[in-house]
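The values are calculated or read from the model by the stated rules, or taken from the named source; none is laboratory data. Model, not experiment: these values are computed from the prediction. Cβ: placed from backbone, ideal geometry, glycine included. Neighbour counts: every protein chain shown.
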Amino acid sequence: MTLSITGCKTRQKITPTEGVKKESTAKAKPTTVQIKTLNYEWLSYRMALTLSDYSTQKEKMNVSAFFVNRKDSIIYITLGKLGFEGVRVVITPDSVKYMNHLDKSYYCGDYSLVNRLLGIKVNFYLLQAIFAGEDIPGFEPNTFLMMLQQDTAVYSAATRRNKAMGIAISQELKTDTNHKLIENNITELQTGVFIGMKYGNFIPVDGSQLFFQQAKVVVPSEKILLDCKLKSIKLNEPGPTSIKIPDKYKPLEVR
């Protein structure tokens with residue numbers, strides 16, 4: 001998605017305070033995070049996406065998207081406008097495949113392209129967590145400092161490491177009274193790259209489980225401010241996952 005709507009650019013180092021304001025943890029106590037996760041094998045929804053410049057708040061683009069996730073297996077995304085598919089992306093734990101109908105280009109490879117675009121290392125499970133509104137798995141330790149603010153629990157960790165990915169992050173999580181994640185702010189400690197995610201307007205999707213209808217993602221170093229409005233949220237209904245790249249399409253040049 002970042003590739004199709006922003007492209008590669010020079011990054012500036014952004015500190016966490018330039019993203020989402022940090023809360024005081026002076027009275028916080030050590031604890032483990034209580035987050036109610038979604039129980040599913042398949043998750044799908046449609047989105048209306050508005051991309052704005054983070055620095056100026058100026059709106060740059062509106063597109064629609066269709067998202068499908070078979071948990072821990074595959075992520076399928078299409079982007080388009082007025083019923084026309086412009087971009088298709090298929091992501092697995094081992095590969096990233098990207099096809100752009102607009103310029104007839106494609107990419108098939110590992111996560112190096114996505115890592116370069118975002119400025120930090122990512123993997124399948126990090127991306128899956130963002131789309132599902134959950135904490136990012138695979139990071140240790142899982143002990144946080146916690147404090148209560150009105151109806152919100154705020155959890156913070158100065159350092160969480162993922163040995164398999166070879167990165168460390170600082171993180172702040174916020175949950176509501178239903179223990180649903182409403183905010184997830186991470187800073188990759190080596191690069192200083194900050195990613196902030198907010199989730200809201202939760203509705204029941206299968207009679208008991210709650211899922212967000214609105215989300216916001218900010219990546220200040222990429223000048224990205226992305227507002228997402230969801231509809232047609234479905235659980236455990238298999239969706240499309242395939243991608244077939246036409247022979248005439250040219251491989252994307254990564255610079």
What do you reckon, is Ser170 small (Gly, Ala, Ser) and not in a strand (DSSP E or B)? no
May I ask you to list the residues in region 103-115 that are among the charged types (D, E, K, R) and over 13 Å from Glu253 (Cα atoms)? Asp110
Scanning region 192-233 for residues that are surrounded by 19 or more Cβ atoms within 10 Å (Cβ to Cβ) and either touching a His at 6+ places or on another chain (Cβ under 8 Å) or acidic (Asp, Glu) (or both) gives Glu222
Selection count where residues are modelled with pLDDT of 90 or more and either outside any loop (DSSP other than H, G, I, E, B) or under 15 Å from Ile75 (Cα atoms) (or both), scope region 106-139: 18
Restricting to region 136-164, name every residue that is of a type outside the set (Gly, Ala, Ser) and surrounded by 19 or more Cβ atoms within 10 Å (Cβ to Cβ). Ile136, Phe139, Phe144, Met146, Val154, Tyr155, Arg160
Number of the condition not met by Ala132 [criteria: (1) in contact (Cβ under 8 Å) with a residue 40 or more places away in the chain; (2) of a type in the set (A, V, I, L, M, F, W, C); (3) closer than 27 Å to Tyr249 by Cα]: (3)
Scanning region 43-77 for residues that are in a loop (DSSP other than H, G, I, E, B), in contact (Cβ under 8 Å) with a residue 12 or more places away in the chain and more than 23 Å from Asn123 (Cβ to Cβ) gives Tyr54, Ser55, Gln57
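Run down Gly166, Gly138, Gly196 and say which single residue is under 17 Å from the mean Cα position of the chain (by Cα) and on the phi > 0 side of the Ramachandran plot. Full working, then the answer.
Values: Gly166 fails: under 17 Å from the mean Cα position of the chain (by Cα); Gly196 fails: on the phi > 0 side of the Ramachandran plot.
One residue alone meets the criteria, Gly138.
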Being surrounded by fewer than 18 Cβ atoms within 10 Å (Cβ to Cβ) and under 19 Å from the mean Cα position of the chain (by Cα), is that true of even one residue in region 171-188? no
How many residues, within region 88-98, are in a strand (DSSP E or B) and surrounded by fewer than 20 Cβ atoms within 10 Å (Cβ to Cβ)? 1
For the subset of region 181-213 comprising residues that are among the hydroxyl-bearing types (Ser, Thr, Tyr) and in contact (Cβ under 8 Å) with a residue 12 or more places away in the chain, which member is nearest to Ile120 (Cα to Cα)? Thr191
